[in-house]
Amino acid sequence: MVFDVVGLQALIDELIRRGYAVVGPTVREGGIVAAEIRSIDDLPRGVADHQQPGEYRLTESGADEFFGFASGATSWKPVLFPPRRMLWRHTSAAAPVAAPLDETPRALLGVRACDLHAIDVQDRVFADRAFIDPDYVSRRRHTFIVAVTCGHPSDDCFCTSMGGGPKPSAGFDILLTEIADDLGHRFVAEAGTAAGAEVVAALASRPASDDDRAAADDVADRAAAAIKRTVDTEGLRDRLYAAREHPQWDDIASRCLSCGNCTLVCPTCFCITTNDIEDLAGPVGRERVWDSCFVVEYSYIHGGPIRRSTQARYRQWLTHKFASWIDQFGTSGCVGCGRCVTWCPVGIDITEELARLSTAPPTASEKEEQ
Amino acid sequence: MKDVTQLLAEQPLFSDLGNDMFALVAGCAHNEHFGADDYLFRIGDPADRFYLVRRGLVALELVRTGGSRLIVDTVSNGGIVGLSWLVPPYRWNLDARAVEATSAVSIDAGCLRRKCEDEPRIGYVLLQRVSSALYQRMQAARVRMADVYGVPSDE
Amino acid sequence: MSETAASMRFAIELESELGEPMLPRPFVVQQTKRETADTATLSLTALDGAPTSFAPGQFTVVGRPGWGEVPISISGDPAHPDHLEHTVRAVGDASRALVGARPGDTLLLRGPYGVGWDVADGVGGNVVIVAGGIGLAPLRPALLQILAHRPRYRRVFLVYGARAPHEMLFTRQLEHWRGRFDIEVAVTVDAATPEWRGHVGLVTSVLPRADLDPDETLALVCGPEIMMRITADALVTNGLPPDHIKVSLERSMKCGVGVCGHCQLRELFVCLDGPVFRYDRVAGLMTAREL
């Protein structure tokens, strides 16, 4: 199916008509942020993003595209896994009562392949193990996904190394590929599920021609070719485990501020902590909030934190993401979205660091020669 | 009723020594018995003999300021009581008290030191074995200094 | 509306069938017993009266309302699940609040969680239980379970090391065990005054010296990590294969159900894959600096 810009508004209207809150990318305070939208005017039309290690800014793309940028700051993680959530409350009865589950129907508009991959990774963490998060499952079941083929990866992206690519193959209800060429500004739409097909069928559209399909493939191919960074994942888990005492960790630690930005923007990081909530009358309940392995208290047991040094905490994060995660969940924890590289205040590039950690450290005599 | 050479042969410190070595050392050994709360030796006394516990329990004690006593180690069957005989000025640093009725083989330290000087081979083998016991005791003492059962204070 | 991508992904029919793993149940303190200056054993029953079955070595996450919650090993008899015993040492705010609990107080509890000692692995052979300090608490259920099925095992040893005689746990029960003919008990302390008529030294100095067939012997070791490592290494030096030794590890825990991430030891979640581990699996990780 193909529809034009008017059709995009019609898609949003149809989703709203079906009861979904449509959440899409918007420009807010100099960044791309997911927010509830009602109109295509809310979208970042003609906006592109410049991303480098430690740098992020929006620019004018010069092209008439709604989705002409790479990754936004926040990813879709807060939608399915909110940063703060009440778990249970004390009531007048003795037993605490679980907080109600979120059942808001939401349609996510503009989910890229990397973020779709991240949702799949988080599905394994929250919904596919001994203990399942019922709120995640509830939110997930009430979520309709309109994915987009990524046409403009940033310099920090490396999805192609992490088992993904600019065009997602599954996990969406509708996939849009935006094309803005001589033949017009249009969207090639693919349904991924029966629900997606129902919505598309309700829109005025025409069948996709061979030219449309070729143009859509071209968007994905050009995007894949534009990816600059790579990670060699072959044997990476074993290499990282073996690199436990590699001197490169000290080098990274001399730069890392342990600010935890990487864990905030990462679409797969899932660590939490809990707090008791009280008011003047007494205990109210318990909430769950996002936590980060970079926080010193994260590994605290009586006597002090086990990972005191920045070096140990950085090593924990990177080794978990690319190695231990595989043993725990069957996939890598990284999807190659590049956000941690962009949002690191000192510009640590994990693709470079992984390459250095994968090589044997210099011997004593080699160090002397340097 | 075993004679002292048989009892000596049962001790790990002297087991599997060659016959000639063993015969030399056996000449320095005597069988001794202590009742509960008898002292084997006291701090400051000349370290002229040491003991290999056959059966029983011996406590090594320090006396703290104010006179209270602290047991810092115990030695039971097969263990060595007394190591100060190895190192000048050959004086005991601790009290050794039998906690219960204890039988031990005592070795005349002067006699053994002379024999080791005459036959350095014996000296070397015994030193290796005593060093092993010393090493383990030192390791154990260091671990106890770490106060592993205490609650560490936050640093 | 047909199945969305999300609802197809999950086989679960209704979210309402899924419990909230973080929701605690109220328990009432029936009895408290002060074991040492900073340690108490609490006996709890569920407010709704339901028994809570557990395996020796498992833990719960428990706390006083408004005072957080902490993972505490269950220290009682698994044959009596109507009463859950927990031996708690006051090392922080939440544990101090537990140690100060009084009969009649309500506590909030989740669990039991974790992989336990699985004493059945020792059936037909010898079992050597080595406890250091408060490590005797998670081992007591294992010992009680073994004694309840005594004929299934050969020789049974309990080795217990504490800092000082007045810092020992379960003293009355220890005396009872020492009086039995079917269990060999050795107790040692780090230091003592002369009233103490027993051993002084590390637990390694009182490990059983009997000739035990290593293929037919299981060792269960619990205490501070240094003590567990030294004990396990001494057992290995004496010929016991590392996969016949089990230890119980401790890490920071916020959830106890594998979602908060805090208890990770490389790829292991101590709350899900442990806290009891075979020594061959974790020996290398235990010595790793700041892992």
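The values are calculated or read from the model by the stated rules, or taken from the named source; none is laboratory data. Keep in mind that this is a model prediction, so the values were computed, not measured. Positions of Cβ are generated from backbone atoms using ideal geometry, with glycine treated the same way; all protein chains shown enter the neighbour counts. Quick note on the areas: whole protein, heavy atoms, side chains included, nothing else; ligands and nucleic acids left out. Shrake-Rupley method; radii C 1.70, N 1.55, O 1.52, S 1.80 Å.
Rounded to the nearest 0.05, the FRET efficiency derived from the C-beta distance between C:ALA288 and B:ASP37 at R0 = 60 Å is 0.80. Segment A:292-370 and segment A:96-171 have their alpha-carbon centroids 24 Å apart. For A:CYS114, the accessible surface of its heavy atoms amounts to roughly 20 Å² (probe 1.4 Å, protein chains only, rounded to the nearest 10). The accessible-area ordering, largest first, of the residues A:ASP232, A:ASP135 stands as A:ASP232, A:ASP135, per a 1.4 angstrom probe.
Between A:VAL284 and A:ILE277, A:GLU278, A:ASP279, the built amide H atoms are under 5 Å apart, and every one of these is 5 or more places off in sequence or on another chain. For the pair segment C:231-284 and segment A:68-84, the centres of their Cα atoms are 36 angstrom apart. Residues whose amide H lies under 5 Å from that of C:GLY132, counting only those 5 or more places away or on a different chain, are C:GLY161, C:CYS222, C:GLY223; hydrogens are built 1.01 Å from N in the peptide plane.
The HN-Hα couplings worked out from phi for segment A:324-336 by the Karplus form 6.51 cos²θ - 1.76 cosθ + 1.60 (θ = phi - 60°) are 4, 4, 4, 5, 7, 10, x, 9, 5, x, 9, 10, x Hz, whole numbers, x standing for Gly and Pro.
Taking chain C as a Gaussian network of alpha-carbon nodes connected by springs under 10 Å, the highest mean-square fluctuation of the residues C:LEU240, C:LEU23, C:LEU143 belongs to C:LEU23.
For the modelled label position 7 Å from the Cα of C:ASP121 along Cα-to-Cβ, which residues of segment C:250-275 have backbone nitrogen atoms closer than 16 Å? Residues passing the 16 Å test: C:250, C:269-275. The loop-placed GluC sites (Glu not before Pro) in segment C:132-212, going by DSSP, that have at most 11 neighbouring Cβ atoms within 10 Å of their Cβ come out as C:GLU195.
Label reach from C:GLU216 (point 7 Å along Cα→C-beta): in segment C:125-165, amide nitrogens under 17 Å belong to C:125-128, C:150-157.
DSSP bridge analysis restricted to segment A:2-226 gives an antiparallel fraction near 70%, rounded to the nearest 5. By the rule of a C-alpha distance below 18 Å, with chain neighbours fewer than 8 residues away ignored, the lysines paired with A:LYS228 are A:LYS167. The modelled label-to-label distance for the pair A:ALA95/B:GLU117, using points 7 Å beyond Cα in the direction of Cβ, is 8.5 nm. Residues of chain A were split at every exposed loop site, defined as GluC sites (Glu not before Pro) in a DSSP loop with at most 14 other C-beta atoms within 10 angstrom, and the longest piece left, sites excluded, is A:104-233. Qualifying trypsin sites (Lys or Arg not before Pro) in segment A:279-314, where qualification requires a DSSP coil assignment and no more than 16 other C-beta atoms within 10 Å, comprise A:ARG308.
Applying 1/(1 + (r/R0)^6) with r as the Cβ-Cβ distance of C:ASP38 and B:GLN6 and R0 = 60 angstrom yields a FRET efficiency of 0.75.
Pick from A:THR230, A:THR59, A:THR342 the residue whose mean-square fluctuation is largest in a GNM of chain A, springs joining Cα atoms under 10 Å. Among A:THR230, A:THR59, A:THR342, the largest GNM mean-square fluctuation belongs to A:THR59. Here's the picture: a label point sits 7 Å out from the Cα of A:ASP181 along the beta-carbon direction, and within segment A:203-217 the residues with their amide nitrogen under 15 Å of it are A:208-217. Percent relative contact order of chain A, based on C-alpha pairs within less than 8 angstrom and at least six residues apart? Averaging sequence separation for qualifying contacts and normalising by length gives 21 percent for chain A.
Inter-label distance, A:ASN275 to A:GLU29: 1.8 nm, where each label sits 7 Å from its Cα along the C-beta direction.
If the chain linking A:ARG84 and A:GLU245 were pulled fully straight, counting 0.36 nm for each residue of separation and taking away their Cα-Cα distance, it would gain 54.4 nm. Residue separation of A:VAL284 and A:THR331 scaled by 0.36 nm, minus their Cα-Cα distance, works out to 13.0 nm of gained length.
In order along segment A:106-118, the Karplus-derived 3J(HN,Hα) couplings, from 6.51 cos²θ - 1.76 cosθ + 1.60 at θ = phi - 60°, round to 10, 10, 8, 10, x, 7, 7, 4, 5, 6, 5, 4, 5 Hz, and Gly and Pro are given as x.
Proximity of backbone amide H atoms, modeled 1.01 Å from N, is registered between A:PHE66 and A:GLY46 at under 5 Å, excluding neighbours fewer than 5 places apart on the same chain. Could you check the simple spin-label distance between B:GLN128 and C:HIS80, using points 7 Å along Cα→Cβ, in nm with one decimal? Label-label distance for B:GLN128 and C:HIS80, simple model: 5.5 nm.
Springs join every pair of Cα atoms under 10 Å in this Gaussian network model of chain B, and among B:PRO46, B:PRO12, B:PRO88 the largest mean-square fluctuation is at B:PRO88. Of the trypsin sites (Lys or Arg not before Pro) found in segment B:3-86, the ones in coil according to DSSP and having at most 12 other Cβ atoms within 10 Å of their Cβ are B:ARG64. Counting only aspartates and glutamates at least 8 places from A:LYS77 when in the same chain, those with an alpha carbon closer than 12 Å to its own are A:ASP115, A:ASP120, A:ASP123. In the complete set of protein chains, residue-level accessible area for A:LYS167 is approximately 80 Å², probe 1.4 angstrom.
Rounded to the nearest 10 square angstrom, B:ARG137 shows an accessible area of 60 square angstrom against a 1.4 Å probe. Inter-chain neighbour count for C:62-68: the average number of beta-carbon atoms from partner chains within 10 Å of each residue's beta-carbon is 4.
Here segment C:116-149 and segment B:117-155 have alpha carbon centers that stand 30 Å from each other. The aspartates and glutamates whose alpha-carbon is closer than 15 Å to the alpha-carbon of B:LYS115, local same-chain residues fewer than 8 away aside, are B:ASP20, B:ASP48.
Backbone geometry of segment B:54-59 corresponds, through the Karplus equation with coefficients 6.51, -1.76 and 1.60 at θ = phi - 60°, to 3J(HN,Hα) couplings of 8, 8, x, 8, 10, 9 Hz, x marking Gly and Pro. The slack in the chain from A:ASP13 to A:ARG57, taken as 0.36 nm per residue of separation less the alpha-carbon distance, amounts to 12.8 nm.
Apply 1/(1 + (r/R0)^6) to the Cβ-Cβ distance of B:ASN93 and A:THR363, taking R0 = 60 Å, and write down the FRET efficiency to the nearest 0.05. Result of the calculation: an efficiency of 0.80.
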